[in-house]
Each structure stands twice: as structure tokens, then as C-alpha cells.
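Presented below is the structure to which this report refers.
The values are calculated or read from the model by the stated rules, or taken from the named source; none is laboratory data. These numbers were taken from a predicted model, which means no experiment stands behind them. Virtual Cβ from ideal backbone geometry, glycine too; neighbours counted across all protein chains shown.
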Amino acid sequence: MGIFLDSASVSEARRAMALGWVGGITTNPTLMARAEGDPATIIRRLGEVSPGPVFYQVTGSSLAAREDEGRRFHALDPDKVVLKIPASTENMALVVRLSPEVPCALTAVYSGAQAWVGCEAGARYVIPYVSRATRLQGDGLGLVTEIAQVLDACESEAEMLAASIKTPEEAIATLLAGARHLTLPLELILRLADHPLSEAAVAEFNRAGRD
């Protein structure tokens, strides 16, 4: 299982990768808009920092424009760039065209049916939005379980990369519901390995060692 940083900030990427257990970076148009620099430069710089995949989401206004955009960004770092393609009937055709040459992630997945078609189209990753699905549909963890069952039933090589996760507790619940990977903001990544009781235990050990 993998932990990914959800950010387009190069400085955040450096902090996350310095931990040694963060395996890649996901971005989206909102995160890219907040970052400094043009998108191509940001993706190249993130690729220099990350030991693993760097995800870029296509935003072109037409299918042809999205295909051209995707191929251009993949060419920036063919060994690392994965294209995020939002789930829709039209975009499934784009996954079909790109997936033999370019790793594709079907993103904004809100149903098992979308995950199923994504697998058939050749997506390497399926990305549900957990917390957002809970807010909009009532049960984000149920969606994760459903998608995991679909991937298993299809005997697909596609892997679930869950996004929109707000707390360490939700992260663990998402893993237990069947997600293969999680992408998290830096603030949440930095909270995963800490716990007040661990801190209290260390303090107690330190006091004992001084006695």
C-alpha cells in the first residue's frame, strides 16, 4: 500500500519526501492554480523530488485537446507522470486511446459502474473522493468498499487510490474498506505517526531514565 502527497507545492513535496515513506504525488487543477509557476514547470520539478508517480489532471476543453495535453505532460517525465482523467462517458474513450502508452488514473469516481468501465477502458488507477462522497452521497466508505469489490470481480490490475480524506481515522477506515493507496495533504501526513498517548509514554520513559 502506498501513501501519496496531495499537493502541487514543491516545498511541500520536499518535506513529504524527506520523511522517506511517501511514495508519490497527486495534483489537481485547484492545487496547480495555487502553486507558483506554469504547470509544465511544476510537474517537472515535482518529478525531480518524487521517487514515484506524479499525477497530472487534464483540463482541455475538448477530447482532442485533452489528449494532446495529456501526451505533452506525459512526455515531460515518461517514467513518472500519470494522467488523471475525470470519469465520464466521453473521457472513457480517452482512457482507451491513451492507456496502451500512458498510465491513466480515472478520477472523480462516484460509483461502482464508473470504476467498472474504467477498468474495461484500461485505467491503471481508480480515484474515489471519500469525504466528498460522504457529504454528497451519504457513504464514502461504502463507495470504497463497492469499488474494491468491482475491481476484484473484474480481476482487474487497476488499483484504487483514494482521495478527499480529512483525518487519520478516516484514512485507516478507507484502507480497511479496501483502498490500495491513499493521497493526503501534507498536514494530514504529518499527523499519521503521532498520538498523544505515544507522546505521554515517551515522556514517562524519559522521566524514568533520569531517575
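For segment 67-98, a residue qualifies if it is within 23 Å of A162 (Cα to Cα), part of a helix (DSSP H, G or I) and within 20 Å of the chain's Cα centre (by Cα), and the qualifying residues are G70, F73, H74, N91, M92, L94, V95, L98. All but one of (1) at pLDDT 95 or above; (2) within 25 Å of T89 (Cα to Cα); (3) surrounded by fewer than 11 Cβ atoms within 10 Å (Cβ to Cβ) hold for E155; which doesn't? Among (1) at pLDDT 95 or above; (2) within 25 Å of T89 (Cα to Cα); (3) surrounded by fewer than 11 Cβ atoms within 10 Å (Cβ to Cβ), E155 violates only (1). For the residues G24, G52, the requirement of being closer than 25 Å to A158 by Cα, surrounded by fewer than 21 Cβ atoms within 10 Å (Cβ to Cβ) and either over 16 Å from the mean Cα position of the chain (by Cα) or of a type in the set (G, A, S) (or both) singles out G52.
Out of L46, L63, one residue alone is touching a residue at least 12 places away in the same chain (Cβ under 8 Å), over 22 Å from A158 (Cα atoms) and over 15 Å from the mean Cα position of the chain (by Cα). It is L63. Among the residues of segment 114-124, those that are on the phi < 0 side of the Ramachandran plot and surrounded by fewer than 24 Cβ atoms within 10 Å (Cβ to Cβ) comprise Q114, W116, V117, C119, E120, A121, R124. Residue-level check: of (1) crowded, with 18+ Cβ neighbours inside 10 Å; (2) touching a helix residue (DSSP H, G or I) at 6+ places or on another chain (Cβ under 9 Å), Y110 misses just (1).
Pairing each residue of segment 69-85 that is in contact (Cβ under 8 Å) with a residue 60 or more places away in the chain and closer than 15 Å to V95 by Cβ with any residue that is basic (K, R) and part of a loop (DSSP other than H, G, I, E, B), provided the two are 6+ apart or on different chains, yields no C-beta distance under 6 Å.
In segment 1-60, of all residues being in a strand (DSSP E or B) and in contact with a His (Cβ under 9 Å, 6 or more places away or on another chain), the one that is nearest to T183 (Cα to Cα) corresponds to F4.
Of the strands (runs of 3 or more DSSP E) lying entirely inside segment 99-211, those containing at least 1 residues that are touching a Leu at 6+ places or on another chain (Cβ under 7 Å) and among the polar types (S, T, N, Q) are 181-184.
The condition (being among the β-branched types (V, I, T) and over 20 Å from A65 (Cβ atoms)) is satisfied by just one residue among V95, V102, V130: V130.
Within segment 20-47, the set of residues being over 14 Å from I3 (Cα atoms) and in contact with an Asp or Glu (Cβ under 6 Å, 6 or more places away or on another chain) comprises just one member, G47.
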